[in-house]
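Below is one structure; the comments refer to it alone.
The values are calculated or read from the model by the stated rules, or taken from the named source; none is laboratory data. What you see is a predicted model, and the numbers here were worked out from it, not measured in a lab. Reconstructed Cβ throughout: ideal geometry from the backbone, glycine too, with neighbour counts over all protein chains shown.
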Amino acid sequence: MAQLTKTKARQAAIAALISALIIGSAVGLAIAAGDGPGESPTTIAGQAPETIDYISYESPAELLAGHAGRPLVINFFASWCPPCRAELPDFAAAHAKWGDDVDFIGINYQEASEAEAARLLYEAGITYPIMEDLDGTLLRELGTLPTMPTTVFVTSDSAILERHHGLILLDQLDERIKEITATS
């Protein structure tokens, strides 16, 4: 019996160590992905707006049809999501690099504060159109999990190539964009 208790204690300690390593790695990646406001090359000088000028599509089909003929990157984000905050400067950089060939749409998911979201977008240097998904309907209808951030890569013929859940770094983003432009 004592041996069984020691084994369980050892297993619990190993599980705790693995969990700590995973969480530490995720936080490290999130920090490494974004240098933070003020240090990003896409940071815009001046005063952040208090509101966002949202665009609107009635359904995912209308959204995809609105961008038919061009590859599309759809990024679901929220200001309350640390990995979202970390990856947005990379999306601004990808948009600057690929924006002539690929459409980008940001979708503000279940946002708690429009002012905080506006400040985040401003600090990250996001200049592409932003939609709002307050109840998560659009996220569900695109067949994705309710995880933040989520990025959907769509080919020019409106086929979803990939649904990426979680933080995506600039090199990964570039690779996926190359894939959707190559199949378009």
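Looking at this structure, is TYR109 out of contact with any Lys or Arg (no Cβ under 6 Å at 6 or more places or on another chain), modelled with pLDDT of 90 or more, aromatic (Phe, Trp, Tyr) and farther than 20 Å from TYR57 by Cβ?
Details: out of contact with any Lys or Arg (no Cβ under 6 Å at 6 or more places or on another chain): yes; modelled with pLDDT of 90 or more: yes; aromatic (Phe, Trp, Tyr): yes; farther than 20 Å from TYR57 by Cβ: no.
In short, no.
Just to be sure I understand, how many residues within the stretch 111-128 are in a loop (DSSP other than H, G, I, E, B), in contact with a Gly (Cβ under 8 Å, 6 or more places away or on another chain) and within 15 Å of THR51 (Cβ to Cβ)? Quick ask: steps written out before the conclusion?
First, pick out the residues of the stretch 111-128 that are in a loop (DSSP other than H, G, I, E, B): 111-113, 125-128.
Then drop every residue that is not in contact with a Gly (Cβ under 8 Å, 6 or more places away or on another chain), which leaves 126, 128.
Then drop every residue that is not within 15 Å of THR51 (Cβ to Cβ), which leaves 126.
Looking only at that region, the number is 1.
Could you list, in sequence order, the residues of the stretch 98-108 that are touching a helix residue (DSSP H, G or I) at 6+ places or on another chain (Cβ under 6 Å) and closer than 13 Å to ILE52 by Cβ?
ASN108
Only one residue in GLU116, GLU141 is among the acidic types (Asp, Glu) and closer than 18 Å to LEU63 by Cα. Which one?
Values: GLU116 fails: closer than 18 Å to LEU63 by Cα.
That would be GLU141, the only listed residue that is among the acidic types (Asp, Glu) and closer than 18 Å to LEU63 by Cα.
β-branched (Val, Ile, Thr) and under 19 Å from SER59 (Cα atoms), is that true of THR181? I'd like the intermediate steps shown before the answer.
Details: β-branched (Val, Ile, Thr): yes; under 19 Å from SER59 (Cα atoms): no.
No: the conditions fail for THR181.
Within the stretch 89-110, how many residues are assigned to a loop (DSSP other than H, G, I, E, B), surrounded by fewer than 19 Cβ atoms within 10 Å (Cβ to Cβ) and at negative phi? Before you say what the answer is, go through the steps one by one.
Kept after step one, since they are assigned to a loop (DSSP other than H, G, I, E, B), are these residues of the stretch 89-110: 99-102, 110.
Pick out the ones that are also surrounded by fewer than 19 Cβ atoms within 10 Å (Cβ to Cβ) and you get 99-101, 110.
When the remaining residues are screened for being at negative phi, the result is 99-101.
Of the residues in that region, 3 qualify.
Which of the residues that make up the stretch 145-182 are on the phi < 0 side of the Ramachandran plot, out of contact with any strand residue (DSSP E or B) (no Cβ under 7 Å at 6 or more places or on another chain) and either part of a loop (DSSP other than H, G, I, E, B) or basic (Lys, Arg) (or both)? Write out each step before concluding.
Filtering the stretch 145-182 down to residues on the phi < 0 side of the Ramachandran plot leaves 145-157, 159-165, 167-182.
Then drop every residue that is not out of contact with any strand residue (DSSP E or B) (no Cβ under 7 Å at 6 or more places or on another chain), which leaves 146, 156-157, 159, 167, 169-175, 178, 181-182.
Of everything in the stretch 145-182, those that are on the phi < 0 side of the Ramachandran plot, out of contact with any strand residue (DSSP E or B) (no Cβ under 7 Å at 6 or more places or on another chain) and either part of a loop (DSSP other than H, G, I, E, B) or basic (Lys, Arg) (or both) turn out to be PRO146, SER156, ASP157, ALA159, LEU167, LEU169, LYS178.
Within the stretch 139-176, can you find the residues that are in contact with a Pro (Cβ under 9 Å, 6 or more places away or on another chain), surrounded by 19 or more Cβ atoms within 10 Å (Cβ to Cβ) and farther than 18 Å from PHE91 by Cα?
Within the stretch 139-176, LEU139, LEU142 qualify.
Could you say which residue among THR127, THR144, THR137 is hydroxyl-bearing (Ser, Thr, Tyr) and at pLDDT 90 or above? Full working, then the answer.
Values: THR144 fails: at pLDDT 90 or above; THR137 fails: at pLDDT 90 or above.
Exactly one residue qualifies, and that residue is THR127.
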